[in-house]
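Notes follow once the structure below has been shown.
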Amino acid sequence: MPKQNSSKALAISICKAVHELNGNRLHWLGINDLCKHMKIQHNKAFREAVEYAKTEELLSCSPPPVHSVMLTHKGELAARATTRKPRSA
C-alpha cells in the first residue's frame with residue numbers, strides 16, 4: 001500500500017508542475033521538460049506516478065512510451081487544490 005500512496009503523492013506533484021509550466025492552457029508538455037522543472041529523474045517511480053495519474057484521469061498521456069503529458073480537468077483541479085492559499089479573515 002505505501003507504493004500507491006507515494007505514486008499518488010508524486011502524481012499530484014506532477015500535476016502541480018504541469019500547471020505551473022502551462023497555467024490554464026491545454027498544451028502538451030514533454031516529459032524531459034517536466035523532469036527538468038521538477039529536478040527529478042525519469043525513473044521507475046516517476047513512470048509509475050504518471051501511470052497512476054493516467055489511470056485516475058489526472059493526465060492525458062501520449063501513446064507508450066509516454067513522452068508528453070497534458071492536464072485533464074480533474075488534474076487541473078487537483079493541482080489547484082495543492083496550491084490554494086488559505087483565505088484571510
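Nothing in this text is a laboratory measurement; each read-out follows from the coordinates by a stated rule. Since this is a predicted model, take the numbers as computed values, not measurements. When we count neighbours, we look across all protein chains shown, and the Cβ atoms used for this are built from the backbone with ideal geometry, even at glycine.
Tabulated values for the structure
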item	result
Ranked by how many other beta carbons lie within 10 Å on average, peptides 12-21, 47-56 from highest	12-21, 47-56
Lys, Arg +1 and Asp, Glu -1 on Cβ, resulting dipole of the chain about Cα centre, debye, nearest 20	320
Local electrostatic count, residue 25, Cβ distance below 15 Å [Lys/Arg +1, Asp/Glu -1]	-2
Extended-chain gain in nm, criterion 0.36 nm per residue less alpha-carbon gap, residue 55 and residue 68	3.1 nm
Normalised contact order of the chain, rounded percent, pairs of Cα under 8 Å and 6 or more residues apart	37
Net charge over other residues, Cβ less than 9 angstrom from the Cβ of residue 56 (K, R count +1; D, E count -1)	+2
Two-decimal log10 I(q)/I(0) for the chain, as the Debye equation yields it once each C-alpha is a single scatterer, q = 0.10, 0.19, 0.21 Å⁻¹	-0.23, -0.79, -0.96
Selection from 34, 68, 24, by position along the positive dipole direction of the stretch 2-82 (Cβ)	34
